[in-house]
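Here's the structure, in structure tokens; my notes come after.
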Amino acid sequence: MKISGYLIDLEQAVQTIKKKGYETIALQIPEGLKSSASKIIESVKKEIKCEIIVIADPCFGACDIANYELKNIGVEFVIQIGHTPIPNLGNDLIPTAFVNALSSKDVMQVVEKSLAYLDGTIVGVVTTAQHLHTLKAVENILKKHNFVPVISGGDKRIAAKGQILGCNFSTGTNIADKVDSFLFVGSGNFHPVGLLLSVKKPVIAADPYSGTVKKQEISDLKDTILRQRYGAIANSKNAKKFGILIGIKRGQQRIKLAYNIKDMLESLDKKSFFIAMDNFAPVSLQSFRDVDCFVSTSCPRIAIDDYLQYKKPIITPIELDIVLGKRKWEDYQFDQITSD
Ligand code: SF4
């Protein structure tokens, strides 16, 4: 079915519901598609008799795998729209069908436009889930103009070749030393800036929605983020008590890392305790007044995206290493959740 400029193929999910005889289904849906929830429900119910419960909580990625709580309201199966699965997470709590929402936006024009901005001839190509189906066409345009496109697989957190997540740029880092520059096809700034910080090669962002190509803007934004991170690290230098944030969402959990951080802080006579959250929001942390600094082991975007909204510094585990003198600022790296 076509909804709000996206192609959503529910057929496989419907077949699974029929085959297994599921009666109560939960629907996880990204913010941008929530206004189409009733259309999606009608489309499924036309095919099969079942009850569908729409989950209103925000769902930013496949890391947000439905947990056992839904079982308490009788949910037997989940349809998560708009994301590809994270392969190494498994699918064993409540069976879940990940149904990608493929953008029907044409990418040809903006990719043609981006060619003038590319550095060198060997170009790494990456994109987000919504544009994965356009990679072949992007590859062909580059070849037609005598570029050598390189599209790599990622680690076990990545479902498809050329795909990046806001927390995983392995399809880029895997080929960073082989390419001259990267072409990112997609919208928003977080992915191309995260890529730039991870691969340390020029990144050109071609946005099919706005038709714009960004290179300098991405580089400037990277500098702004680095300045903010430098500030957050500096503000954490004298911290005595740390709150170690643990994401409850299955794909945001890095428990071992959280324990390692606690051990490291204890060995340096710093106090710390764990704070677990499902949806991170500044308001949930503001009452922890005796905490000097939060270290997030959850989604890497929390520390970066919402930096200005938190009253106390919130840093990534890599940044904590710099605070504690275990890593130099020159060796700064963007925090990623990898499958290692
Ligand atoms: S952890 Fe964050 S960046 Fe990664 S998939 Fe989840 S919401 Fe996206």
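The values are calculated or read from the model by the stated rules, or taken from the named source; none is laboratory data. Everything numeric in this text was worked out from a predicted model, so none of it was measured. Note that we place each Cβ from the backbone using ideal geometry, even for glycine, and neighbour counts take in every protein chain shown.
Looking at the structure I just gave you, is I55 within 16 Å of the ligand (Cβ to nearest atom), among the aliphatic types (A, V, I, L, M) and free of Cβ contacts under 8 Å to residues at least 60 places away in the same chain? Steps first, answer last, please.
Values: within 16 Å of the ligand (Cβ to nearest atom): yes; among the aliphatic types (A, V, I, L, M): yes; free of Cβ contacts under 8 Å to residues at least 60 places away in the same chain: yes.
So I55 fits the description; yes.
Contact annotation: residue pairs with Cβ atoms under 7 Å, 6 or more positions apart or on different chains, pairing a residue in region 322-335 that is touching a residue at least 40 places away in the same chain (Cβ under 8 Å) with a partner that is surrounded by fewer than 17 Cβ atoms within 10 Å (Cβ to Cβ) and charged (D, E, K, R), are V323/K237.
For the condition buried (at least 22 other Cβ atoms within 10 Å of the Cβ), within 23 Å of G188 (Cα to Cα), of a type in the set (S, T, Y) and not assigned by TED's automatic domain parsing to the domain that holds S198, what is the one hit in T297, T316? It would help to see each step written out before you state the result.
Values: T297 fails: within 23 Å of G188 (Cα to Cα).
So the residue among T297, T316 that is buried (at least 22 other Cβ atoms within 10 Å of the Cβ), within 23 Å of G188 (Cα to Cα), of a type in the set (S, T, Y) and not assigned by TED's automatic domain parsing to the domain that holds S198 is T316.
Test K39 against the criterion of being loosely packed, with under 14 Cβ neighbours inside 10 Å and in a helix (DSSP H, G or I), and give yes or no. No; evaluated as a whole, the condition is false for this residue.
Please find, among A62, A13, A37, A66, the residue that is of a type in the set (A, V, I, L, M), outside the structural domain of A281 (by TED's automatic domain parsing) and without any contact (Cβ under 8 Å) to a residue 24 or more places away in the chain.
On the way: A62 fails: without any contact (Cβ under 8 Å) to a residue 24 or more places away in the chain; A13 fails: without any contact (Cβ under 8 Å) to a residue 24 or more places away in the chain; A66 fails: without any contact (Cβ under 8 Å) to a residue 24 or more places away in the chain.
Matching residue, one of A62, A13, A37, A66: A37.
Which residue is nearest to A206 (Cα to Cα), if the candidates are limited to region 96-151 and must be of a type in the set (G, A, S) and in contact with a strand residue (DSSP E or B) (Cβ under 7 Å, 6 or more places away or on another chain)? Spell out how you get there, then give the answer.
Going through region 96-151, the residues of a type in the set (G, A, S) turn out to be 97, 101, 103-104, 114, 116, 120, 124, 129, 137.
Narrowing the set further to residues that are in contact with a strand residue (DSSP E or B) (Cβ under 7 Å, 6 or more places away or on another chain) leaves 97, 101, 103-104, 114, 120, 124, 129.
Details: A97: 30, A101: 19, S103: 14, S104: 15, S114: 6, G120: 17, G124: 13, A129: 15 Å.
Among those that are of a type in the set (G, A, S) and in contact with a strand residue (DSSP E or B) (Cβ under 7 Å, 6 or more places away or on another chain), it is S114.
Give the number of residues within region 120-147 that are in a loop (DSSP other than H, G, I, E, B) and not hydroxyl-bearing (S, T, Y). Going through region 120-147 one residue at a time, the tally reaches 4. Picking from residues in region 59-115 that are polar (S, T, N, Q) and either within 16 Å of the ligand (Cβ to nearest atom) or within 15 Å of the chain's Cα centre (by Cα) (or both), the one that is surrounded by the most Cβ atoms within 10 Å (Cβ to Cβ) is Q80.
Here is a check on your reading of the model: is A232 of a type in the set (A, V, I, L, M), in contact with an Asp or Glu (Cβ under 7 Å, 6 or more places away or on another chain), more than 26 Å from L195 (Cα to Cα) and not assigned by TED's automatic domain parsing to the domain that holds A62?
Working: of a type in the set (A, V, I, L, M): yes; in contact with an Asp or Glu (Cβ under 7 Å, 6 or more places away or on another chain): yes; more than 26 Å from L195 (Cα to Cα): no; not assigned by TED's automatic domain parsing to the domain that holds A62: yes.
Criteria not met by A232.
Looking only at residues of region 71-90 that are farther than 18 Å from V14 by Cα and touching a Leu at 6+ places or on another chain (Cβ under 9 Å), we find that the one that is modelled with the highest pLDDT is I86.
Take the conditions (1) under 23 Å from K200 (Cα atoms); (2) within 14 Å of the ligand (Cβ to nearest atom); (3) in contact (Cβ under 8 Å) with a residue 60 or more places away in the chain; Q252 misses just one of them, which is (1).
Just one of (1) more than 21 Å from the chain's Cα centre (by Cα); (2) surrounded by fewer than 23 Cβ atoms within 10 Å (Cβ to Cβ); (3) of a type outside the set (D, E) fails for V138. It is (2).
Which count do you get for residues in region 283-304 that are within 14 Å of G247 (Cβ to Cβ), within 16 Å of the ligand (Cβ to nearest atom) and part of a helix (DSSP H, G or I)? Residues flagged as within 14 Å of G247 (Cβ to Cβ), within 16 Å of the ligand (Cβ to nearest atom) and part of a helix (DSSP H, G or I) within region 283-304 amount to 3. For region 225-237, the candidate set comprises residues that are in contact with a strand residue (DSSP E or B) (Cβ under 9 Å, 6 or more places away or on another chain) and not basic (K, R); within that set, the residue that is nearest to K270 (Cα to Cα) is S236.
Test V125 against the stated conditions and say whether it is touching a helix residue (DSSP H, G or I) at 6+ places or on another chain (Cβ under 6 Å) and at pLDDT 95 or above. Steps first, answer last, please.
Details: touching a helix residue (DSSP H, G or I) at 6+ places or on another chain (Cβ under 6 Å): yes; at pLDDT 95 or above: yes.
Yes, satisfied.
Residues in region 23-40 that are away from the ligand (no atom under 16 Å from the Cβ), over 17 Å from G5 (Cβ atoms) and under 26 Å from the mean Cα position of the chain (by Cα): I25, A26, L27.
Between a first residue in region 150-164 that is assigned to a loop (DSSP other than H, G, I, E, B) and a second residue that is surrounded by fewer than 23 Cβ atoms within 10 Å (Cβ to Cβ) and of a type in the set (K, R), which pairs have beta carbons less than 6 Å apart while being 6 or more apart in sequence or on different chains? So the pair list comes out as I151/K161; G153/K161. Residues in region 252-294 that are acidic (D, E) and either in contact with a Phe, Trp or Tyr (Cβ under 8 Å, 6 or more places away or on another chain) or not assigned by TED's automatic domain parsing to the domain that holds L324 (or both): D292 alone.
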